[in-house]
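What follows draws every value from the coordinates through simple rules; no lab data is involved. Predicted model only: the values in this text are computed from it and were never measured. Glycine gets a Cβ as well: all are built from the backbone with ideal geometry, and neighbour counts include every protein chain shown.
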């Protein structure tokens with residue numbers, strides 16, 4: 001059974017799957033500063049969502065570290081994509097930057113009136129944030145945020161495979 | 001005063017300490033600079049005046065950092081033992097150009113080293129250290145991210161993969177109505193078959209050939225709908241986390257499907273990473289046997305499960321050993337045994353087996369377009385070796401080698417083609433069963449090929465053929481028109497764009513080197529234009545450096561990529577696959 005916990009009025013849960021194919025209002029894409037979609041989930045967004053997404057992103061130009069912007073999700077199941085420029089490849093002050101990136105993504109979601117949002121394991125995988133560090137910061141930051149005032153009612157952390165899911169689930173258990 | 005060190009350089013030095021084990025330290029300290037490795041390296045042989053390609057020189061670049069920080073001699077007498085530290089991000093870039101750009105990790109120097117220095121192992125380690133701080137060629141970044149996030153090296157989405165397999169099944173069942181086609185996600189199969197994403201994206205013929213062999217052998221087999229990629233870019237990039245993650249996905253999928261055996265299609269680095277290295281990276285006990293499809297095919301023949309007629313493969317053929325198969329996995333005799341069973345005229349190349357030369361595209365080197373010129377210079381050694389055989393076909397058991405060899409054959413204008421064992425076995429298959437005809441009692445002669453049987457398979461499609469060679473345009477247009485397509489012709493980049501805008505074709509074939517706007521410019525403009533971005537594009541080119549469109553991309557990759565020269569069957573197969581996928585997406 002998928003892990004789930006209620007934080008005030010919001011569900012926080014884990015799910016295994018492809019975040020770009022999730023039936024949810026919005027998801028977070030761990031973006032580059034130039035907002036070029038690139039490969040990986042970027043390819044999935046470009047192929048499934050269509051060319052309008054990159055075009056919309058080109059209007060933003062460069063975004064600063066930890067900043068997030070919202071675009072429409074084109075023809076994807078989701079309605080919005082939150083493109084968050086998080087820390088990459090062991091850069092300095094990584095934990096603080098990662099936390100701020102997550103908070104900025106949540107704030108952007110609130111600003112847009114989004115109720116349901118999915119996060120990937122922030123920074124883990126290609127960008128090299130160690131998986132346990134990503135789990136610790138992603139889950140704790142979201143939980144802390146949801147403990148305050150929020151209009152969100154569903155937050156999902158979407159994991160690609162068992163390797164990610166099992167570790168996140170372990171951290172998740174300690175949240176309860 | 002001590003020099004300041006960049007954040008990334010410090011991390012690389014710190015992490016180096018954690019990567020050191022007996023095997024790596026043994027290799028780092030054992031070199032006596034005897035020079036035996038020098039003549040073993042294809043880069044040196046092709047660049048005799050440039051000592052920076054010598055394996056010992058390249059190894060010293062990594063060795064000097066080890067000595068400076070982790071060996072007492074270098075800490076106390078750095079000037080004496082040539083110990084040197086890393087200080088700046090530029091130092092890291094310089095190291096990147098050596099470990100990625102001047103070595104394919106082919107391990108030929110390793111087996112020729114009397115001291116047992118395994119340069120490839122610590123070169124891979126150095127790559128991994130650089131990747132961990134984000135210093136890597138763009139193509140390596142693209143492919144790594146695809147495999148981390150999409151689950152395969154070429155960013156093939158699940159729907160495209162499944163659609164392709166289903167389409168191939170339909171194709172097979174048109175010829176043989178009772179064929180099981182390609183079973184997907186069958187639980188409890190005796191064989192789970194895993195492939196290289198290149199097969200589904202650019203070479204679907206290898207999948208249908210394998211399916212034909214499995215079905216003819218009466219095998220209870222299946223292909224997974226997800227986690228099917230047996231290649232592993234962690235082997236090339238040095239990223240052990242990626243290596244472990246990718247291997248584990250495949251192993252867990254076999255267990256989930258209750259498969260009894262994993263068969264790995266012909267791919268050198270896929271075989272090595274899945275069969276040999278993966279369990280260690282993933283720290284995962286593998287409870288089922290794994291084997292190369294080469295072994296599977298030999299067993300089918302020996303056990304009488306399939307019959308082959310070698311007189312169907314009459315051309316003079318030679319065999320190229322993939323470095324990962326031969327030097328790292330000992331897979332040298334089996335491919336030759338199989339080749340001799342299915343072809344009449346086999347000519348060995350020299351040197352061969354573990355001493356064979358690298359195709360220069362191995363393991364993932366094709367993804368680094370910035371190093372293509374120097375890679376192709378080093379490929380002269382392989383080109384000379386191929387030429388000396390007098391063969392018209394080079395057979396290999398590796399998808400990366402297929403691309404590497406195809407590139408060098410074009411570059412050095414050799415009159416050869418490349419194929420794999422699976423294609424030869426499928427071609428040599430003796431199928432006793434009569435071909436079953438559709439129930440509508442339409443009579444189809446047994447000798448008719450699928451291409452002819454569906455003479456109007458492109459009826460209703462409008463295809464734009466863009467190429468500056470009039471003969472090629474005529475050839476492709478005739479093939480497509482014969483199959484029912486409406487053709488529009490363009491002979492330069494500007495005309496191609498203009499006609500694409502005006503005619504909105506269902507598909508566009510695109511050459512790269514055209515007058516006016518180049519094919520790359522045309523492609524990027526198409527992809528960035530809302531109205532044209534969804535037109536499926538099949539690149540048809542003889543320019544290997546343009547693989548950057550696949551690996552080094554800023555825009556959505558092309559739907560198809562076919563090397564020139566192209567035969568009629570390949571044109572139809574690729575065009576139909578692309579159109580079918582586009583149709584299934586409603587585009």
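Taking Cα atoms, how many degrees apart are the long axis of helix A:162-175 and the longest axis of chain A, rounded to 10 and kept between 0 and 90?
The two axes meet at around 50 degrees.
Can you tell me the order of B:111-121, B:240-250, B:532-542 when each peptide is scored by its average per-residue count of other Cβ atoms within 10 angstrom, highest first?
Packing order, densest peptide first, comes out as B:240-250, B:532-542, B:111-121.
For the range A:4-175, what relative contact order do you get, as a whole percent, if you take Cα pairs closer than 8 Å and at least 6 residues apart? Could you put the intermediate results ahead of the total?
On the way: 335 pairs, mean separation 52.2, N = 172.
Once divided by the residue count of the range A:4-175, the mean separation gives 30 percent.
Based on the alpha-carbon gyration tensor of the range B:146-301, what equivalent-ellipsoid semi-axes (square roots of 5 times the eigenvalues) come out, in whole Å, largest first? Each step should come with its number before you reach the end.
Numbers: eigenvalues 122, 58, 35 Å².
Whole-Å semi-axes of the equivalent ellipsoid: 25, 17, 13.
How crowded by other chains is B:154-165, given as the mean number of beta carbons from other chains within 10 Å of each beta carbon? Kindly include the intermediate steps, with their values, before the conclusion.
Numbers: counts 2, 8, 2, 7, 3, 3, 1, 0, 0, 0, 0, 0.
That average works out to 2.
Any number yet on Rg/Rh for the range B:7-135, C-alpha, Kirkwood?
Numbers: Rg = 13.9 Å, Rh = 14.7 Å.
Ratio value, two decimals: 0.94.
Can you say what percent of the DSSP beta bridges in the protein assembly as shown, counting only those with both residues inside, are antiparallel? Round to 5. The partial results should precede the final answer.
On the way: 10 of 63 bridges.
In the protein assembly as shown, DSSP labels about 15 percent of beta bridges as antiparallel.
Count the DSSP beta bridges whose two residues both fall in chain B, then state the antiparallel fraction as a percent rounded to the nearest 5.
Working: 1 of 37 bridges.
Bridges in chain B are about 5 percent antiparallel.
Counting only other chains, what is the mean number of Cβ atoms within 10 angstrom of the Cβ of each residue in peptide A:29-40? Don't skip to the answer; put the middle values down first.
Details: counts 0, 1, 0, 0, 0, 1, 0, 2, 3, 8, 20, 12.
Partner-chain Cβ atoms within 10 Å, mean over residues of A:29-40: 4.
Starting from the Cα gyration tensor of the range B:307-428, take the square roots of the eigenvalues, sort them a ≥ b ≥ c, and report rounded, prolate or oblate (rounded when a/c is under 1.5, otherwise prolate if a/b is larger than b/c, else oblate). Display every interim value, and only then the final one.
Working: a/c = 1.87, a/b = 1.56, b/c = 1.20.
Prolate, because a/c is 1.5 or more and a/b exceeds b/c.
Let me know the mean shielding of A:52-61 by other chains, meaning the per-residue number of their Cβ atoms within 10 Å of its Cβ.
Numbers: counts 2, 0, 6, 4, 0, 0, 1, 0, 0, 0.
Going residue by residue through A:52-61 and averaging, the value is 1.
Can you pull the Rg over Rh of chain B, Cα-only, Kirkwood? Numbers along the way, then the final one.
Details: Rg = 24.7 Å, Rh = 25.2 Å.
Rounded to two decimals, Rg over Rh is 0.98.
Given the DSSP H assignment, sum -39500 (n - 2.57) over each helix run of at least 4 residues in chain B and divide by its residue total; what's the result at 222 nm in deg cm²/dmol, nearest 500? Before the final figure, lay out the partial values.
Numbers: 28 runs with 274 residues, N = 587.
For chain B, the value works out to -13500 deg cm²/dmol.
Report the label-to-label distance for residue B:34 and residue B:427 in nanometres (one decimal), using points 7 Å from each Cα along the Cα→Cβ vector.
Each label point lies 7 Å from its Cα, and together they span 4.3 nm.
Assuming R0 = 41 Å, what is the FRET efficiency of residue B:348 and residue B:567, from their Cβ-Cβ distance, to the nearest 0.05? Present the calculation step by step, with values, prior to reporting the outcome.
Details: r = 27 Å, r/R0 = 0.66.
With a Förster radius of 41 Å, E is 0.95.
Can you pull the semi-axes for the protein assembly as shown, root of five times each eigenvalue of the Cα gyration tensor, sorted largest first, whole Å?
Over the Cα atoms of the protein assembly as shown, the ellipsoid semi-axes are 40, 35, 26 Å.
Give the residues of the range B:375-414 whose amide nitrogen is closer than 18 Å to a point set 7 Å from the Cα of residue B:340 in the direction of its Cβ.
Residues passing the 18 Å test: B:395-397.
Contour minus end-to-end for residue B:115 and residue B:166, with contour as 0.36 nm per residue of separation and end-to-end as the Cα-Cα distance?
Length gained, residue B:115 through residue B:166: 13.1 nm.
If we count other beta carbons within 10 Å of each Cβ, what is the order of B:297, B:174, fewest first?
Values: B:297 29, B:174 15.
Fewest-to-most Cβ neighbours within 10 Å comes out as B:174, B:297.
Can you sort B:125, A:122 from fewest to most other Cβ atoms within 10 Å of each residue's own Cβ?
Starting with the residue having the fewest Cβ neighbours, the order is B:125, A:122.
Would you work out the Kirkwood radius for the range A:4-175? I mean one over the mean of 1/r across all pairs of different Cα atoms, in Å. Intermediate values should be presented prior to the final figure.
Working: mean 1/r = 0.0634 Å⁻¹.
It is 15.8 Å.
Could you tell me the distance between the Cα centroids of the range A:41-104 and the range B:342-398, to the nearest Å?
Comparing the Cα centres of the range A:41-104 and the range B:342-398, I get a distance of 42 Å.
What number results when the radius of gyration of the range B:144-227, computed over Cα atoms, is divided by 2.2 N^0.38 Å? Provide the component values of the computation, followed by the final result.
Numbers: Rg = 12.8 Å, N = 84, 2.2 N^0.38 = 11.8 Å.
Its radius of gyration relative to the 2.2 N^0.38 Å reference: 1.08.
Tell me the relative contact order for chain B as a rounded percent, counting alpha carbon contacts under 8 Å between residues six or more apart.
Values: 1065 pairs, mean separation 69.0, N = 587.
Normalised by residue count, the contact order of chain B is 12 percent.
Classify the range A:1-62 as rounded, prolate or oblate from the Cα gyration tensor: take a ≥ b ≥ c as the square roots of its eigenvalues, call it rounded if a/c is under 1.5, otherwise prolate when a/b beats b/c and oblate if not. Don't jump to the answer; show the numbers that get you there.
On the way: a/c = 2.75, a/b = 2.00, b/c = 1.37.
Prolate, since a/c reaches 1.5 and a/b exceeds b/c.
Assign one of three labels to the range B:450-584, namely rounded, prolate or oblate, based on the Cα gyration tensor with a ≥ b ≥ c the square roots of its eigenvalues; rounded applies when a/c is under 1.5, prolate when it is not and a/b is larger than b/c, and oblate otherwise.
Details: a/c = 1.44, a/b = 1.37, b/c = 1.05.
Because its axes are fairly even, with a/c under 1.5, the range B:450-584 counts as rounded.
Can you give me the relative contact order of the range B:146-301 as a percent, contacts being Cα pairs under 8 Å and 6 or more apart?
Details: 263 pairs, mean separation 38.3, N = 156.
Computed value for the range B:146-301: 25 percent relative contact order.
Please report A:150, B:231 as a ranked list, fewest other C-beta atoms within 10 angstrom at the top and most at the bottom.
Details: A:150 17, B:231 32.
With the sparsest Cβ surroundings first, the list reads A:150, B:231.
Going by average Cβ neighbours within 10 Å, how do the peptides B:414-423, B:467-476, B:188-197, B:397-406 rank, with the highest at the top?
Output ranking for B:414-423, B:467-476, B:188-197, B:397-406: B:397-406, B:188-197, B:414-423, B:467-476.
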